[in-house]
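Below you'll find the structure I mean.
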Amino acid sequence: MKLQLALDRLTREECFSLIEETAEFVDIVEIGTGVIKEYGMAIVRDIHKQFPDKSLFVDMKTCDAGRHEAYQAFEAGASYVTAMAFAADQTIQDMLLVAKEFEGEIVIDLLNCSDPAKVRALYELGARHFCLHIGKDMQSKGDTSVLTHINLVSGLDNVTIYIAGGINLERAHYLDATRIDVAIVGSGITANNTPRIEAQAIRSVLMSKS
């Protein structure tokens with residue numbers, strides 16, 4: 001199981017500092033939607049330039065203009081770009097074509113998606129990366145039960161499953177490596193007083209499940 005560091009609601013300086021501190025233990029660096037809205041594709045390019053060995057997950061949350069937004073992110077250095085599950089089929093198809101051109105991946109964000117048939121339809125379009133996700137607002141209401149949504153991707157072959165929403169060191173112990181491929185951790189690391197130590201500890205837990 002891989003560890004993905006999610007950088008969101010942070011300053012540019014904080015983003016670079018956190019990557020420096022945790023890079024040894026992180027497989028994928030996520031540039032969150034809030035950071036993208038604040039700094040644009042410039043910060044994606046700059047992170048890619050400074051950390052060329054790190055795979056970048058650019059959380060565009062695209063729901064329209066798929067071809068354009070996918071090009072933006074991949075040209076800036078993304079390896080992975082997100083699209084919302086509720087986007088039109090054409091949007092998803094366009095993004096998948098761009099991803100193929102750049103040898104990257106489109107990750108379908110299943111935020112607020114509760115219909116396995118919809119996920120199956122996206123799979124039939126060619127999507128192979130899916131993120132089970134409970135958003136920040138629902139987490140603030142105490143909802144961290146993201147694993148209960150695993151049924152959305154059951155029965156899909158050769159897929160990569162990401163999990164996001166309230167994942168921290170404690171909850172990492174409950175993740176099942178036979179079903180989850182990438183654990184996305186944001187404030188569980190970035191809001192910790194010792195992010196390097198926390199990233200190392202979470203990485204150790206995930207590796208013990210491999």
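Which one, (i) 0.94; (ii) 0.98; (iii) 1.01, gives Rg/Rh (Cα atoms, Kirkwood Rh) as derived from the coordinates shown?
(i)
Moving on. For the range 42-114, take the convex hull of the Cα atoms, compute a quarter of its surface area, and give me that in nm², please. Walk me through the numbers on the way to the answer.
Numbers: hull surface 18.8 nm².
Averaging across all directions leaves 4.7 nm² for the Cα convex hull.
Further, regarding this structure: Mind listing which GluC sites (Glu not before Pro) in the range 28-118 are in a DSSP loop and have 16 or fewer other Cβ atoms within 10 Å?
Answer in residue order: 103.
Additional query: How would you rank 120-128, 154-162, 197-205, highest first, on the average number of other Cβ atoms within 10 Å across their residues?
197-205, 120-128, 154-162
Follow-up question, since we're still on this one. Under 8 Å for C-alpha pairs, at least 6 residues apart: give me the relative contact order for the range 44-115, rounded to a whole percent.
Relative contact order of the range 44-115: 32 percent.
When the accessible area of the range 1-135 is split by element with a 1.4 Å probe, what percent falls to carbon and sulfur?
Numbers: 2780 of 5990 Å².
Heavy-atom surface of the range 1-135 belonging to carbon and sulfur, 1.4 Å probe: 46 percent.
Right, next: Over the heavy atoms of residue 67, what accessible area does a 1.4 Å probe trace out, to the nearest 10 Å²?
110 Å²
Relative to the Cα centre, what is the charge dipole magnitude of the chain, using +1 at the beta carbon of each Lys and Arg, -1 at the beta carbon of each Asp and Glu, and rounding to the nearest 20 debye?
Details: 20 positive and 30 negative charges, 63 e Å.
About 300 debye.
State the Kirkwood hydrodynamic radius of the range 7-58 in Å, one decimal place, computed from all pairs of distinct Cα atoms.
By the Kirkwood definition, the hydrodynamic radius is 10.8 Å.
Still on this model: Along the charge dipole of the range 45-188, Cβ charges K/R +1 and D/E -1, which of 58, 122, 172 sits furthest on the positive end?
172
The values are calculated or read from the model by the stated rules, or taken from the named source; none is laboratory data. Remember, predicted model here, so these are calculated numbers, not experimental data. No Cβ is skipped: glycine too gets one built from the backbone with ideal geometry, and neighbour counts run over all protein chains shown. When the accessible area is computed, the model is the full protein with side chains, heavy atoms only, and any ligands, DNA or RNA have been set aside. Shrake-Rupley method; radii C 1.70, N 1.55, O 1.52, S 1.80 Å.
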